[in-house]
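Report on the structure given below.
The values are calculated or read from the model by the stated rules, or taken from the named source; none is laboratory data. Here the structure is a predicted model, which means the values were calculated and not measured. For neighbour counting, all protein chains shown are included, and Cβ atoms are generated from backbone atoms with ideal geometry for every residue, glycine included.
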Amino acid sequence: MYTVTADIVLPTSIVGSLPRPSWYTEHLVSRGFVDSLVDARCREQYPDALGCYLRDQELAGLDIVTDGDCRFDEEVTGQIWFTYPMRHMTGFDLSDLALMKGSGGVPYPRGHILRDMAETRVYPSISGPVGRGRLQYTEICKYAQRLTAKPVKFGTITLELLGLTVRDSYYNDPRARIMALSDAINEELHALADAGCKIIQME
């Protein structure tokens, strides 16, 4: 039974990433979240930015808060929504980067966000069996939950969207690729739920 907001008639929350503070300059890139906290600058900046995100949501009166996608690096047009899983799951060849097919000749003028998106879709390919790798969603969510008494919602990309976007030299079949990605993320999200996360949002 869903109990985290049982007595709230219309629980409020947000969807999406929050603006990155100008002083938050560290990036995870392909490091695991836990590994990044060994870096002194990241260990200083990450909780500061996360604390700002959580406090702003609390002050706004939200019932359910998020980490504001604090784990995401700065990339044009939010490409990190796609590339975070690619950089942290096993099976992706990070040395094999290429502009996605169909990204050239975009019928949008320079400066248009959709042109920017198309021109920066430089993704790795799947070269072996995909797995959870170092997504570390549980560690990320638990870190945020320690900083607030509000329930923390965790959001992630849906795997059919990722599966239809990524290059693939291993499965060579859209259905097999999407199912493999889904199995891996399903395992990761079950671990997240078992660790106490009450709200998981597929976006």
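Quick look at the numbers
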{"quantity": "Any chance E26 is at pLDDT 95 or above and either surrounded by 13 or more Cβ atoms within 10 Å (Cβ to Cβ) or under 16 Å from C141 (Cα atoms) (or both)", "calculated": "no"}
{"quantity": "Among the residues listed as P19, P11, the single one being closer than 27 Å to M86 by Cα, part of a loop (DSSP other than H, G, I, E, B) and modelled with pLDDT under 95", "calculated": "P19"}
{"quantity": "Selection within segment 139-180 - under 24 Å from A118 (Cβ atoms) and of a type in the set (S, T, Y)", "calculated": "T156, T158, T165, S169"}
{"quantity": "Search result, residues across segment 180-203 that are of a type in the set (D, E), farther than 13 Å from K153 by Cα and either exposed (fewer than 13 other Cβ atoms within 10 Å of the Cβ) or in contact (Cβ under 8 Å) with a residue 24 or more places away in the chain (or both)", "calculated": "E187, E188, D194"}
{"quantity": "Selection count where residues are without any contact (Cβ under 8 Å) to a residue 60 or more places away in the chain and not in a strand (DSSP E or B), scope segment 85-95", "calculated": "2"}
{"quantity": "The listed residue being under 15 Å from the mean Cα position of the chain (by Cα), closer than 28 Å to V76 by Cα and not charged (D, E, K, R), out of I126, I178, I200", "calculated": "I200"}
{"quantity": "Residues located in segment 146-184, provided they are touching a strand residue (DSSP E or B) at 6+ places or on another chain (Cβ under 7 Å), over 28 Å from L59 (Cβ atoms) and at pLDDT 95 or above", "calculated": "Y170, Y171, R177, A180, L181, A184"}
{"quantity": "Residue within segment 100-118 that is charged (D, E, K, R), touching a residue at least 12 places away in the same chain (Cβ under 8 Å) and in contact with an Asp or Glu (Cβ under 6 Å, 6 or more places away or on another chain) present", "calculated": "no"}
{"quantity": "Scope segment 32-46; condition in contact (Cβ under 8 Å) with a residue 24 or more places away in the chain and either touching an Asp or Glu at 6+ places or on another chain (Cβ under 9 Å) or crowded, with 17+ Cβ neighbours inside 10 Å (or both); matching residues", "calculated": "G32, F33, V34, Y46"}
{"quantity": "Residue within segment 59-81 that is at pLDDT 85 or above, crowded, with 21+ Cβ neighbours inside 10 Å and over 27 Å from I178 (Cα atoms) present", "calculated": "yes"}
{"quantity": "Test: residue in segment 116-124 that is at pLDDT 95 or above and of a type in the set (K, R)", "calculated": "no"}
{"quantity": "Residues within segment 1-23 that are within 24 Å of R55 (Cβ to Cβ), exposed (fewer than 12 other Cβ atoms within 10 Å of the Cβ) and of a type outside the set (S, T, N, Q), tallied", "calculated": "7"}
{"quantity": "Verdict on T83 being β-branched (V, I, T) and under 30 Å from L54 (Cα atoms)", "calculated": "yes"}
